[in-house]
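The values are calculated or read from the model by the stated rules, or taken from the named source; none is laboratory data. Only a predicted model underlies this, so the values are computations on that prediction, with no experimental measurement involved. In case anyone asks, the SASA skips ligands and DNA or RNA and just uses the protein heavy atoms, side chains included. Shrake-Rupley method; radii C 1.70, N 1.55, O 1.52, S 1.80 Å.
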Amino acid sequence: SIASADMDSNQLEAFLTAQTKKQGGITSEQAAVIAKFWKSHRTKIHDSLISQSRWDNVLRNVNWRVDLKSQSKHVDQINTPVAIVEMELGRNGQ
């Protein structure tokens, strides 16, 4: 629950306090250890969860441009903007 919510210090304290008051919950000492662990490893845990939840392909590069038609069978289509988008995908970790 702590990692899923990416809890800040205030949220963590409120959550752990609620867990210590719950019947069959954790002790105050356990709450202190969990809080210390979370505060020192929060970034690593968050990054790990993000990398595990990504799809295999990741966006590597994006190029785009807008062209204007200079020739057409129909006069009303001249100077019509056309967007061209190129996206490069790659595998995660490559």
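Starting from the eigenvalues of the Cα gyration tensor, five times each then square-rooted, give me the equivalent ellipsoid semi-axes of region 33-84, largest first, whole Å.
Details: eigenvalues 568, 22, 12 Å².
Equivalent-ellipsoid dimensions as semi-axes: 53, 11, 8 Å.
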| task | Find the Cα radius of gyration of region 9-53, compare it with 2.2 N^0.38 Å by division, and give the number to two decimals. | result | 1.31
| query | What percent does the relative contact order of the chain come to when contacts are Cα pairs within less than 8 Å and at least six residues apart? | reply | 23 percent
| field | Residues of the chain: accessible area per residue with a 1.4 Å probe, Å² | value | 85 Å²
| task | Quick one: angle between helix 9-21 and the longest Cα principal axis of the chain, in degrees between 0 and 90, rounded to 10, please. | result | 40 degrees
| request: Grab the alpha carbons of the chain, take their convex hull, and tell me the volume per residue in Å³. | output: 194 Å³
| query | Can you list the aspartates and glutamates whose alpha carbon is less than 15 Å from that of residue 36, not counting same-chain residues fewer than 8 positions off? | reply | 6, 8, 13
